[in-house]
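Structure first, then comments.
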Amino acid sequence: MLNIILMGPPGAGKGTQAKKLIAKYNIPHISTGDMFREAIKEGTPLGKLAASYINDGHLVPDDVTIGLVKERLSKDDCANGYLLDGFPRTIPQAEALEVIAKEIGREVKYVIDIETPKEELVRRICGRRVCKKCGAPYHIINIKPKVDGICDICGGELVQRPDDNEEALTVRLDAYVKQTKPLLEFYKNKGLLTTFDGSNSSDLTPKLIAFLGE
Ligand code: AMP
């Protein structure tokens with residue numbers, strides 16, 4: 001079963017690769033970042049709480065994030081696999097995930113770590129634009145839409161995420177190094193970790209598919 005975690009710093013290309021992999025393998029893409037952004041858009045209590053952390057680059061508290069993922073992983077569409085993107089991000093989240101996954105009989109099989117040099121992360125994040133409506137990613141230099149400021153796919157407005165600025169990115173990268181990077185050792189010790197070079201995003205997808213199997 002393809003029970004997968006995608007890891008890597010902000011801007012490594014987790015979301016981009018996730019979209020390609022779910023199209024190929026027909027498993028749900030579970031992005032905690034997307035779930036929080038959806039809640040923010042809807043103005044729910046979860047959204048209000050999440051926004052107070054996300055907008056300046058901090059992690060949302062573990063209990064909130066774990067509860068959200070537990071509910072999502074229990075849904076029927078995860079029965080044949082799932083692709084977690086951006087979760088877990090802390091050791092307590094990884095420990096909670098072990099318990100949840102065991103309980104529901106859906107244990108993690110692959111942890112894919114996408115490594116990308118810091119200068120490239122900064123370049124990608126600061127130039128990133130996303131469609132307000134469908135979330136499709138663009139970049140002001142290398143992934144331009146056909147019409148300036150408009151999504152090619154759905155015609156939605158392209159905007160910059162509130163946390164995609166240099167100030168918030170510094171906080172996010174710091175959170176990655178201090179809180180998320182220790183997970184690499186955690187999963188390496190369990191024999192689940194495989195690291196890929198994320199500098200060239202179009203090269204990476206065929207490599208991931210070759211690794212996961214047809
Ligand atoms: P992402 O879209 O994965 O870059 O996530 C955007 C933001 O959502 C992060 O910078 C965090 O503030 C929050 N977030 C997403 N996933 C998690 C998580 N697993 N734990 C805590 N905060 C998270």
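Of the listed residues Arg161, Arg37, the order by accessible area with a 1.4 Å probe, largest first, is Arg37, Arg161. Given the C-alpha centroids of region 95-110 and region 183-204, what is the distance between them in whole angstrom? Taking the Cα centre of region 183-204 as reference, the centre of region 95-110 is 19 Å away. Annotation: amide H-H contacts under 5 Å for Asp113 (H modelled 1.01 Å from N, sequence separation of 5 or more, or interchain): Met7, Thr194, Thr195, Phe196.
Sorting Tyr110, Tyr187 on solvent-accessible area from highest to lowest, probe radius 1.4 Å, gives Tyr110, Tyr187. The share of accessible area on the chain that comes from carbon and sulfur is 54 percent, using a 1.4 angstrom probe.
When the chain is treated as a GNM with alpha-carbon contacts under 10 Å, the residue of Pro137, Pro88, Pro28 showing the greatest mean-square fluctuation is Pro137. Qualifying trypsin sites (Lys or Arg not before Pro) in region 158-205, where qualification requires a DSSP coil assignment and no more than 14 other C-beta atoms within 10 Å, comprise Lys190. For the chain, the share of DSSP beta bridges that are antiparallel, to the nearest 5, is 30%.
Put +1 on the Cβ of each Lys and Arg and -1 on the Cβ of each Asp and Glu in the chain; which of Asn80, Ile150, Ile114 then has its Cα farthest toward the positive end of the dipole? Going by the Cα projections, it comes out as Ile150. For region 144-160, 3J(HN,Hα) computed residue by residue from phi via the Karplus equation (6.51, -1.76, 1.60; θ = phi - 60°) reads 7, x, 5, 10, 3, x, 10, 5, 4, 7, 10, x, x, 7, 8, 9, 9 Hz, glycine and proline entered as x.
Put a plus charge on the Cβ of each Lys and Arg, a minus charge on the Cβ of each Asp and Glu, and nothing anywhere else: the dipole of region 60-121 about its Cα centre is then about 200 debye.
The values are calculated or read from the model by the stated rules, or taken from the named source; none is laboratory data. This is a predicted model, so every value here is computed, not measured. Counting neighbours? That spans all protein chains shown, and the Cβs are built from the backbone with ideal geometry, glycine included. What goes into the accessible areas is simple: the full protein's heavy atoms, side chains included, and nothing from ligands, DNA or RNA. Shrake-Rupley method; radii C 1.70, N 1.55, O 1.52, S 1.80 Å.
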